[in-house]
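These notes are about the structure you will find just below.
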Amino acid sequence: MSVNKDSSKRKTLLGSLGIVGVLALKFKFYLLAAWKALLLFKISWLFGPLLSLGLYALFWGWPYAIALILLIFVHEMGHWMWMKALGLNPKAPVFLPGIGAYVAMTKLPADQATHAWVALAGPLVGGVFSVIAYWLGVKTMSGWLMAAGSMGFMLNLLQLIPAKPLDGGFVIR
């Protein structure tokens, strides 16, 4: 009896997500306009991470979602710290729900080598912290922490693919 209830709950959830997806496609212009308005009003620094957190928690649970958001934030802070050290005047990280995040700079680097090091800073810092998260998960026997560390490490490796807009695309240039 409980298997049927679980199955019907999943079908209801998937059906609801399907309706939301169809509405999002139908009204994508309005959703993009609303997102641009949020960016213009500088609310996205709070709205983006919270929406990302809710989206990830919906699929994988709160502990994993929080760890994943923190690992993405650490990756972006790697870029931010390197930009700040080089005087490139970085802006605060902006989260794009379900996609990731980015840090914009207001001053472009003087040469391509500097631009490459800025691009590499995120995966390097993010990769180290992902390994630490995985190691802590092993030491504490925490499955969600090991999973978040593994996912964070894989996402940082994925960023090294030499194609824009990934970090590797800016390195290869």
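Numbers at a glance
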read-out: Accessible solvent surface per residue of region 46-150, calculated while the other protein chains remain in place, 1.4 angstrom probe, Å²; value: 54
read-out: Mean separation of Cα contacts under 8 Å (6+ apart) over length of region 35-173, as relative contact order %; value: 22
read-out: Rounded to whole Hz, the Karplus (6.51, -1.76, 1.60) HN-Hα couplings of region 49-62, x for glycine and proline; value: x, 5, 5, 4, 4, x, 5, 5, 5, 4, 8, 10, x, 5
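The values are calculated or read from the model by the stated rules, or taken from the named source; none is laboratory data. Note that the coordinates shown come from a computational prediction; the quantities given were computed from them, not determined experimentally. What goes into the accessible areas is simple: the full protein's heavy atoms, side chains included, and nothing from ligands, DNA or RNA. Shrake-Rupley method; radii C 1.70, N 1.55, O 1.52, S 1.80 Å.
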